Every structure is written in structure tokens, then in C-alpha cells.
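The next block holds one structure in the form of C-alpha cells; read it before the comments.
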């Protein structure tokens, strides 16, 4: 098979594996979820994964940790959330702070 | 004017879809630069449909890696999507057939976050958050991937527009309502610190996935019911 055809095989394989991973979560037997411990862990898992995602998206650049415009943007976002600002205001303000600081040549 | 009549959940879904979709522009351009053609680039967005996994796939290929390594890296980075399906079970079940198949395909960071950011006592809002965000990101991500692949390297870096910070701020805003109790805040803090501590030493994907260990530790004992996020 040509390299081009192999690339297609890889793309379809990655797609099938991606869907299978996602579907596995939706296919966990109902009886497992009725176990209080599994139920509690499942509730904490989304908080844990999304918090870790925020941290990595704010501080990671490849495999190093950096302080750049994203950190300032997230501080502004946190203050706005604490002041109960609407979602869209928080998101637009964060983008504005990061874009502004970068236009000024920082981060 | 339709925007003004959308309720809060749909507004969140729409803003998240547009901000996330905009990144499809970089993905499309990077994929073509890595040597994949237009059809392969669009197939990756349609079939994998998980940003981190797709960037990893074309990253491995662009760096001269093999197809098997690209599939393995992409799959590993997508493992967290499997956990989301478990967390969404109380919101989405019962489901079967095509509905379940589609729900699986659009189970990503964004759809999970918007669904669970809605009040626990309002299940229809949670379901609407999941479906509007999942389908909204799917449409925007695939359309803008095509645009990025066509435009190629002539486009700028989304970071110049602050879109990377916007994505992080959106996730912070979505997880915020779930941090009402001390135990949830402790889980968020410990997960963040663990992920950052692992970033320099672990392969991509591991730092975020490792946060599941914090959740297991937090849920293993007997927290009071009000301390468990709904």
C-alpha cells in the first residue's frame, strides 16, 4: 500500500478509537453508577479534569511552564467571575487582556 | 436579533462554539503544513473531533513520526473524553441507537463543561447545554477546519487575538459554579497543581488525565452529600 493509503488507514483508526473511547463512558453499566462511591468519584472527575485543563491552558507551553499574557487574562477572568459578571463578558475580557498585552509586546 | 432571544445556556453554547471553532483555523493550516491533504484534514476533524488529539496527530506526522505513533498519541490524549461520558450519565441517560452514537461523538471538554455548568436542579438546561455546545462546536470546528486548510499559512496565529486565553477563561467560568463547596475547591486546586507539576516531566496528555486520581481520592471516603458536586 502507498504511504497515502496508509495515512488514510491511520486517520480512520484514530477516528474509530476516539469514538470508542467516548462511547465507552456512555456505556458504563447503570448498576456501577448506582454504587455511591462510583457516583461520587464520577462527580469529582469532571471538576478535576476541567480544573487541570484550565491550569495547563494557562501556564503550559509545550512541556515548560511559563508566565505570559494568559496568566494576566485569567486573573482578570477570576475577578470578573467573583464579581458575578456574565459568561460572555468574562471570555471577551480575557481575550482582550491577552491580545492587548501581546500587542504591547509582553507574553 | 436572534441572539437577544437566546437563553443563557444557548448563549454560553454559542460563545463556546465560536471561540473553539476559531481554533479550527489553526488546525486546518497546521495539518496541511504537516503534509496532509485537504480531504485528510477534514476527515480528521469529522472523525476524531477532539482538538487536543487532532493537534497531536498532525504534530507527530509533521515531526516525521510514523502513522502508528500518531494514532497512539491521539488516542491517549482523548482518553479523558471517556470519563466525561460517565460524568454525564445522570444528565443524558437513557439513550440508545443513533442518539447515543451522536452523543458519544460530541462528548468533548466543551460540551461536558457547558452541560455541567447549568444548575443540577434543571436537567433540561443541562441536556440543552450538552447538545447545543456539542453540535455547535462540531459544525463550527469542521467548517473552520476546511477554511484553515484552504487558506493555509496565510492566516495569523489565534493567540494574537487572545483566543488561547479566552478558551482557558471559558473553562474557568464553566467550572466556577461547581466550586461552591470546600471539598470541590480542594479537588480543583490539587488537580491544577498536580497537572502543572507533571507538565515538565510527563508526556502530553498525562498531566490532565492524572487529575482523575485526585477525584478518586476525594470520592473514595465518605464526604457529606452536599460536598459532592452535582
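Sort all Cα-Cα distances of segment B:180-230 into consecutive 10 angstrom bins from zero, then give the percent of pairs in each bin up to the one containing the longest distance.
Going out from 0 Å in 10 Å bins, segment B:180-230 shows 26, 48, 21, 5 percent.
Reported to two decimal places, what Rg/Rh ratio describes chain B when computed on Cα atoms with Rh from the Kirkwood expression?
In chain B, Rg relative to Rh is 0.97.
Just to compare against my own numbers: the Cα pair-distance distribution for segment B:90-165, 10 Å bins, whole % per bin, please.
Reading the bins upward from 0: 17, 38, 26, 15, 3.
Mind pulling up the Rg/Rh value for segment B:41-133? Radius of gyration and Kirkwood radius, both on Cα.
1.06
Based on the Kirkwood radius over alpha-carbon pairs, what is the Stokes-Einstein translational diffusion coefficient of the protein assembly as shown at 20 °C with 1.002 mPa s viscosity, in µm²/s?
Estimated via Stokes-Einstein, D reaches 107 µm²/s.
Let me check against my output: what whole-number percent is the relative contact order of chain B, with C-alpha pairs under 8 Å and at least 6 apart?
Averaging sequence separation for qualifying contacts and normalising by length gives 29 percent for chain B.
Pairs of Cα atoms under 8 Å, at least six residues apart: use those to get the relative contact order of chain A, whole percent.
19 percent
Can you give the angle from 0 to 90° between the axis of helix B:51-62 and the longest principal axis of chain B, with both taken from C-alpha atoms, to the nearest 10?
Once rounded, one gets 30 degrees.
Cα-based Rg of segment A:67-107 per 2.2 N^0.38 Å, rounded to two decimals?
Relative to the rule-of-thumb radius for its length, segment A:67-107 sits at 1.11.
Which order results if B:84, A:4, B:23 are arranged by neighbouring Cβ count within 10 Å, fewest first?
If I rank by nearby Cβ atoms, fewest first, I get A:4, B:23, B:84.
Considering every residue in B:197-204, what mean count of other chain Cβ atoms within 10 Å of its Cβ is obtained?
3
Evaluate E = 1/(1 + (r/R0)^6) for residue B:230 and residue B:193, where r is the Cβ-Cβ distance and R0 equals 35 Å; express this FRET efficiency to the nearest 0.05.
It comes to 0.90.
Relative to 2.2 N^0.38 Å, what does the C-alpha radius of gyration of segment B:123-181 come to as a ratio? Two decimals please.
Expressed relative to 2.2 N^0.38 Å, the Cα Rg reads 1.48.
Using only Cα atoms, tell me the angle between helix B:67-77 and the longest principal axis of chain B; keep it within 0 to 90° and round to the nearest 10.
Approximately 20 degrees, to the nearest ten.
Using alpha carbons only, how many degrees (0 to 90, rounded to 10) separate the axis of helix B:8-33 from the longest principal axis of chain B?
Compared with the principal axis, the helix lies near 30 degrees.
How long is the gain from residue B:135 to residue B:154 if the chain were fully straight, where each residue apart is worth 0.36 nm and the alpha carbon distance is subtracted?
Here the answer is 4.0 nm.
Quick one: order B:100, A:22 by neighbouring beta-carbon count within 10 Å, fewest to most.
Ordered from fewest to most neighbouring Cβ atoms within 10 Å, B:100, A:22 come out as B:100, A:22.
Cut-off 17 Å, label point 7 angstrom out along Cα-to-Cβ of residue B:217: give me the residues of segment B:165-188 whose amide nitrogen falls inside.
Residues passing the 17 Å test: B:182-188.
How high is the relative contact order of segment A:67-107, in percent, counting Cα pairs under 8 Å that sit 6 or more residues apart?
About 59 percent, as a whole number.
Tell me, Kirkwood radius of chain A from alpha-carbon pair distances, in Å?
Value: 17.9 Å, from the Cα pair sum.
Which of B:98, B:132 comes first, and how do the rest follow, when ranked by fewest Cβ neighbours within 10 Å?
The fewest-first ordering by Cβ neighbours comes to B:98, B:132.
Which shape class applies to segment B:49-92: rounded if a/c is under 1.5, otherwise prolate when a/b exceeds b/c and oblate if not, where a ≥ b ≥ c are the square roots of the Cα gyration tensor eigenvalues?
Prolate, because a/c is 1.5 or more and a/b exceeds b/c.
Need one word for segment B:21-83: rounded, prolate or oblate. Basis is the Cα gyration tensor (sqrt eigenvalues a ≥ b ≥ c); a/c below 1.5 gives rounded, then a/b vs b/c decides.
oblate
First check a/c for segment A:37-76, with a ≥ b ≥ c the square roots of the eigenvalues of its C-alpha gyration tensor; if it is under 1.5, answer rounded, and if not, answer prolate when a/b is larger than b/c or oblate otherwise.
Taking the square roots of the gyration eigenvalues as a ≥ b ≥ c, segment A:37-76 is oblate.
Every number here is computed from the coordinates shown, using simple stated rules; none is lab data. Small disclaimer: the values here were computed from a predicted structure and weren't measured. Virtual Cβ from ideal backbone geometry, glycine too; neighbours counted across all protein chains shown.
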